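Asker: Pasting a structure here, questions to come.
The values are calculated or read from the model by the stated rules, or taken from the named source; none is laboratory data. What you see is a predicted model, and the numbers here were worked out from it, not measured in a lab. Here the Cβ positions follow ideal geometry from the backbone for every residue, glycine too, while neighbour counts run over all protein chains shown. These accessible areas exclude ligands, DNA and RNA; they are computed on the full protein's heavy atoms, side chains included. Shrake-Rupley method; radii C 1.70, N 1.55, O 1.52, S 1.80 Å.
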Amino acid sequence: MLHPPFEETKRLLSRAPITVLALGGNAILQRGQRGTFQEQYENVRSTMAQIAALLNDGFRVVIVHGNGPQIGATVIRHELGHAKVPPLPLHACGAETQGFLGYIIQQSLRDELAKLEVKRSVATIITQVIVDQSDPAFKHPSKPIGPFYTKGQRETLLRDRSDLVIEEDSGRGYRRFVPSPDPKAVVEDDAIRVLVDDESVVIACGGGGIPVIRQGTSLQGVEAVIDKDLAAERLATSIHAESLVILTDVEGVYLDYGKPNQRLLSKISPSELETYAQKGYFAKGSMGPKVEAAIRFLRNGGKRAVIANLGDLGKAINGTAGTQIRN
Ligand code: ADP
Ligand code: MG
């Protein structure tokens, strides 16, 4: 059955509020999986079945996704292949992951929408995100990426590339560390907005976007990775989204997370959440940036931020699951 014309018209007229969905690593790869194409494809497919149901209800959606394990794998492919083909810089590896993940996301979502007979086009935008060259993060590379090395391998690598920072990663071996600068602006935001206004579903800012700096009137990729939740906030704010929904592998934001007295924050204001953040309740590389993204979004005009479990997408959107953050 095709969509009744009335539904189509209603949809076009309604200009439903925009939701930016930030998908955590578990939407693409589950803990313990190796990362085969098939594994990633199947995880993405089941996530897209959930998102298709939302779209069937008339939502306008932009999808942001992570790329931690994928960019690590891409870097390994480039490094191991260097005797045959020249390796690409990290920002180009980021672009590669946006391309292949965008491909499987847009294909799966399209197929799931076709099952529901929902006519919405789906497109991935290769997205650049501007960072500040003088961001202090460039002096303190904090984000481990790619393979683990032995001490010997570390020395060999540094002989060829003295610009790399390779340090011990929590006692598990040596790893490359790259800066994680704060995202400032999404270069392609106008194009994304046009597509969203046209009822298309857009996949953008994959992996936090490709980090670029301004050089006069040009843009130049830099060796860094941007946190995807902070990038999702930049995008959500600039396209005037109503909601920023961050989906991950825990029920929401906890106080005393991992301790016997851990408790879920179900409804909270950004200022209260900020007080907890300042007290150090949220881990730096994981829950911290999600909380920061939510606070920034509300401060910059957003109506609602949600941090919830991926499996609770529907409930997270209707306000009955996760941590619901509102002014
Ligand atoms: P994602 O790929 O979704 O960004 P992350 O691993 O970066 O996933 O962030 C989610 C993780 O944050 C959870 O699995 C949990 O271990 C961790 N975490 C740290 N502090 C908290 C907290 N206070 N409440 C909930 N989860 C927390
Ligand atoms: Mg994360």
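Asker: I'm trying to understand the selection: among the residues of the range 218-231, which are outside any loop (DSSP other than H, G, I, E, B) and within 16 Å of ligand 2 (Cβ to nearest atom)? Steps first, answer last, please.
Answerer: Kept after step one, since they are outside any loop (DSSP other than H, G, I, E, B), are these residues of the range 218-231: 218-221, 228-231.
Of everything in the range 218-231, those that are outside any loop (DSSP other than H, G, I, E, B) and within 16 Å of ligand 2 (Cβ to nearest atom) turn out to be 228, 229, 230, 231.
Asker: While we're on this one: Of all residues being in a strand (DSSP E or B) and more than 25 Å from residue 185 (Cβ to Cβ) in the range 278-317, which is most open to solvent (accessible area, probe 1.4 Å)? Just the residue, please. Write out each step before concluding.
Answerer: Step one: of the range 278-317, the residues in a strand (DSSP E or B) are 304-309.
Adding the requirement that they be more than 25 Å from residue 185 (Cβ to Cβ) leaves 308-309.
Working: 308: 0, 309: 32 Å².
Filtering the range 278-317 for residues that are in a strand (DSSP E or B) and more than 25 Å from residue 185 (Cβ to Cβ), the one most open to solvent (accessible area, probe 1.4 Å) comes out as 309.
Asker: Kindly list, by first and then second residue, each pair from a residue in the range 97-116 that is among the charged types (D, E, K, R) to a residue that is surrounded by 14 or more Cβ atoms within 10 Å (Cβ to Cβ), limited to pairs with Cβ atoms under 7 Å and residues at least 6 apart or on different chains.
Answerer: If the second residue must be surrounded by 14 or more Cβ atoms within 10 Å (Cβ to Cβ), the pairs left are 110/122; 112/48; 112/49; 112/52.
Asker: Separate question: Considering only residues of the range 65-81 that are part of a loop (DSSP other than H, G, I, E, B) and within 27 Å of residue 236 (Cβ to Cβ), which is farthest from ligand 2 (Cβ to nearest atom)? Don't jump to the end; show me each part of the working.
Answerer: To start, the set of residues in the range 65-81 that are part of a loop (DSSP other than H, G, I, E, B) comprises 66-67, 81.
Still in the list and also within 27 Å of residue 236 (Cβ to Cβ): 66-67.
Details: 66: 6, 67: 10 Å.
Here the answer is 67.
Asker: Any idea which residue in the range 275-301 is nearest to ligand 1 (Cβ to nearest atom), counting only those that are charged (D, E, K, R) and closer than 15 Å to residue 246 by Cα?
Answerer: The first filter runs over the range 275-301 and keeps only residues charged (D, E, K, R), leaving 279, 284, 290, 292, 296, 299.
Then keep just the ones that are closer than 15 Å to residue 246 by Cα; that gives 290, 292, 296.
Numbers: 290: 7, 292: 12, 296: 16 Å.
Checking each candidate, the answer is 290.
Asker: Of the residues 275, 320, which single one is hydroxyl-bearing (Ser, Thr, Tyr) and not in a helix (DSSP H, G or I)?
Answerer: Details: 275 fails: not in a helix (DSSP H, G or I).
That would be 320, the only listed residue that is hydroxyl-bearing (Ser, Thr, Tyr) and not in a helix (DSSP H, G or I).
Asker: Quickly run through the range 232-270 and pick out the residues that are closer than 18 Å to residue 209 by Cα, away from ligand 2 (no atom under 15 Å from the Cβ) and not in a loop (DSSP other than H, G, I, E, B).
Answerer: If the condition is that a residue be closer than 18 Å to residue 209 by Cα, away from ligand 2 (no atom under 15 Å from the Cβ) and not in a loop (DSSP other than H, G, I, E, B), then 234, 235, 236, 237, 238 are the ones that fit.
Asker: Count, please, the residues in the range 209-258 that happen to be open to solvent by less than 30 Å² (accessible area, probe 1.4 Å) and aromatic (Phe, Trp, Tyr).
Answerer: 0
Asker: OK, next. Please find, within the range 126-162, the residue that is nearest to residue 192 (Cα to Cα) out of those that are in a loop (DSSP other than H, G, I, E, B) and without any contact (Cβ under 8 Å) to a residue 12 or more places away in the chain.
Answerer: Going through the range 126-162, the residues in a loop (DSSP other than H, G, I, E, B) turn out to be 126-127, 131-135, 140-142, 150, 161-162.
Among the residues that remain, those that are also without any contact (Cβ under 8 Å) to a residue 12 or more places away in the chain are: 134, 161-162.
Values: 134: 28, 161: 37, 162: 38 Å.
Step by step, filter the range 126-162, then rank; the result is 134.
Quick grid of which residues meet (1) more than 16 Å from ligand 2 (Cβ to nearest atom); (2) modelled with pLDDT of 95 or more; (3) farther than 18 Å from residue 107 by Cα:
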{"position": "25", "(1), (2), (3)": "no, no, yes"}
{"position": "37", "(1), (2), (3)": "yes, yes, no"}
{"position": "50", "(1), (2), (3)": "yes, yes, no"}
{"position": "63", "(1), (2), (3)": "no, yes, no"}
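Asker: Quick check on the range 172-194. Is at least one of its residues farther than 20 Å from residue 139 by Cα, at pLDDT below 95 and not hydrophobic (A, V, I, L, M, F, W, C)?
Answerer: Among the residues of the range 172-194, at least one is farther than 20 Å from residue 139 by Cα, at pLDDT below 95 and not hydrophobic (A, V, I, L, M, F, W, C), which makes the answer yes.
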